[in-house]
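> Provided herewith is a single structure, encoded as C-alpha cells, for subsequent inquiry.
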Amino acid sequence: SQQGEEDPQALSIQEGENATMNCSYKTSINNLQWYRQNSGRGLVHLILIRSNEREKHSGRLRVTLDTSKKSSSLLITASRAADTASYFCATALDNYGQNFVFGPGTRLSVLP
Amino acid sequence: GAVVSQHPSWVICKSGTSVKIECRSLDFQATTMFWYRQFPKQSLMLMATSNEGSKATYEQGVEKDKFLINHASLTLSTLTVTSAHPEDSSFYICSARDQTSGSFFSYNEQFFGPGTRLTVL
C-alpha cells in the first residue's frame, strides 16, 4: 500500500528558482529516500536520510526529515531545465529494503 | 555506482502471448531483486520480491500465476507476464540491492533498472 504522499503533485517554476517538494508518511520508518525519474525512464537515486538524521545536503539538493511530523522535504536550489522530471520519495521500514514504499510523486517542470 | 540493466527496453505483443523481461545486476551480486509496475503518471507499485534460489514473495493483489518470477542466479531475475492482456500494459521496473558491498548502508539503497515498457495489443 502507498505510504508516502508527495505534494504538490505538479510544480512549474522558472529556471533559477528553488523548488520544494514535500513527502508525508504514516508509519515509523528506518530511512527515507528521494528518487528522480525522467519521462519514460528508470529511477535515479538522489539522497537517503535516516530516521535519526534531520538534514542532508548533496550538491544543489537539500533534504530534511521531521519524524515527529512524519514528513520530509526536498529542496532543489537554482533549478535548471534539466531538473525537469518526476520526483518520488520512498520510505524503508527496515534496514534491508524489504518494505520499500513509493509516494505518488511530484512532477516538476523547470521552464527556461 | 552499481548498474542494473533490463531487457528488452520495450516490447509490443498480442493479447494472449507471454512476455519475458530480464533484470541483470551488471557489476554486483543481488540476492534480492524487486519488481515494480508503473502506470502512466502514477507511482511505482511493488509487485514482488525476487529471492535467489527460492520462491518470490508477491504483494497482495498480484497474481503469482500470471507474473512468474525466476531468480536463478545472483545477477539475473526474470519476470514473465503470462497470457498478457491490454490491462497488463505498463512500465515494469526492477531494482536490486548490492549485497556484496562491505558498507552496511548499502543495504538501504536500491539500484533501479531503466524499465521495460510493455504494450499489449
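> How many residues does the range A:24-56 contain that are surrounded by fewer than 15 Cβ atoms within 10 Å (Cβ to Cβ) and of a type in the set (Ser, Thr, Tyr)?
Counting residues in the range A:24-56 that are surrounded by fewer than 15 Cβ atoms within 10 Å (Cβ to Cβ) and of a type in the set (Ser, Thr, Tyr) gives 4.
> Same structure, new question: I'm trying to understand the selection: among the residues of the range A:8-23, which are within 14 Å of chain B (Cβ to nearest Cβ) and surrounded by 15 or more Cβ atoms within 10 Å (Cβ to Cβ)?
A:Met21, A:Cys23, listed by residue number.
> Considering only strands (runs of 3 or more DSSP E) fully contained in the range B:1-79, which possess at least 2 residues that are among the aromatic types (Phe, Trp, Tyr) and within 10 Å of another protein chain (Cβ to nearest Cβ)? First the steps, then the outcome.
Values: elements: B:4-7, B:10-13, B:19-25, B:32-38, B:44-51, B:67-73.
Once the strands (runs of 3 or more DSSP E) in the range B:1-79 are filtered for at least 2 residues that are among the aromatic types (Phe, Trp, Tyr) and within 10 Å of another protein chain (Cβ to nearest Cβ), what remains is B:32-38.
> Out of A:Leu108, A:Leu48, I need the residue that is free of Cβ contacts under 8 Å to residues at least 60 places away in the same chain and of a type in the set (A, V, I, L, M). Which one?
Among A:Leu108, A:Leu48, only A:Leu48 is free of Cβ contacts under 8 Å to residues at least 60 places away in the same chain and of a type in the set (A, V, I, L, M).
> Considering every residue within the range A:57-73, establish whether at least one is under 26 Å from B:Gln60 (Cβ atoms), among the charged types (D, E, K, R) and part of a loop (DSSP other than H, G, I, E, B).
yes
> Do you know which residues across the range B:8-26 are surrounded by 13 or more Cβ atoms within 10 Å (Cβ to Cβ) and closer than 19 Å to B:Glu52 by Cα?
B:Lys20, B:Ile21, B:Glu22, B:Cys23, B:Arg24, B:Ser25
> Kindly provide the set of residues from the range A:24-45 that are touching a residue at least 40 places away in the same chain (Cβ under 8 Å) and assigned to a loop (DSSP other than H, G, I, E, B), ordered by number. Before you say what the answer is, go through the steps one by one.
Our first condition is that a residue be touching a residue at least 40 places away in the same chain (Cβ under 8 Å); within the range A:24-45, this holds for A:24-39, A:43.
Correct list: A:Tyr25, A:Lys26, A:Thr27, A:Ser28, A:Ile29, A:Asn30, A:Asn38, A:Ser39.
No value in this document is a laboratory result; all are computed from the given coordinates. The structure presented is a predicted model; accordingly, all values stated were derived computationally and were not measured. Using ideal geometry, Cβ is built from the backbone for each residue, glycine included, and neighbour counts are taken over all protein chains shown.
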